[in-house]
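Structure first, then comments.
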Amino acid sequence: PLPAHSKQKENETIQAFFIRRRAANTKRMEKETLTDRQRRTQRTDHAKKGDVPKKACIFYWEEQDGYYIRQPGGRANYAELWREYPGSQRRYDSMSNEWDLCELIE
């Protein structure tokens, strides 16, 4: 079973997850208010600094039996996870205010 709140669907690959998320985000952006857009832009600007997130959630993709599973990082582990994955292996989603960390992200 997938972890609670992972937002990953059963048997969904990491690539399929990001494709589905991108499509959902596009629809959400079409309906966002000016205030929502400003908040999202501020989150994106903050994310570009590369600091360990304080408010955003972190998920890391862990290989299990040949599949990658999206695991919650747990706030107590954020700094350690941040050090473990270089910037090239991090992907930020401003719509959900979530980071994905994975060696497959480059």
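A few notes on this one:
- Residue list for segment 71-96, filter: among the acidic types (Asp, Glu) and farther than 22 Å from Ala23 by Cα: Glu80, Glu84
- Selection status of Arg83, surrounded by 13 or more Cβ atoms within 10 Å (Cβ to Cβ) and either among the basic types (Lys, Arg) or within 13 Å of the chain's Cα centre (by Cα) (or both): no
- Sole residue being over 18 Å from His5 (Cβ atoms), over 17 Å from the mean Cα position of the chain (by Cα) and among the charged types (D, E, K, R), chosen from Glu63, Glu30: Glu30
- Some residue of segment 50-62 being aliphatic (A, V, I, L, M) and either free of Cβ contacts under 8 Å to residues at least 40 places away in the same chain or farther than 27 Å from Arg83 by Cβ (or both): yes
- Positions within segment 5-52 being over 30 Å from Tyr67 (Cα atoms), hydroxyl-bearing (Ser, Thr, Tyr) and surrounded by 11 or more Cβ atoms within 10 Å (Cβ to Cβ), in sequence order: Thr41
- Checklist (1) surrounded by 17 or more Cβ atoms within 10 Å (Cβ to Cβ); (2) not in a loop (DSSP other than H, G, I, E, B) applied to Ala76, failing item: (1)
- Scanning segment 79-106 for residues that are at pLDDT 95 or above, under 21 Å from Arg40 (Cβ atoms) and part of a loop (DSSP other than H, G, I, E, B) yields a total of 4.
The values are calculated or read from the model by the stated rules, or taken from the named source; none is laboratory data. Keep in mind the model is a prediction, meaning the values are calculated, not measured. Glycine gets a Cβ as well: all are built from the backbone with ideal geometry, and neighbour counts include every protein chain shown.
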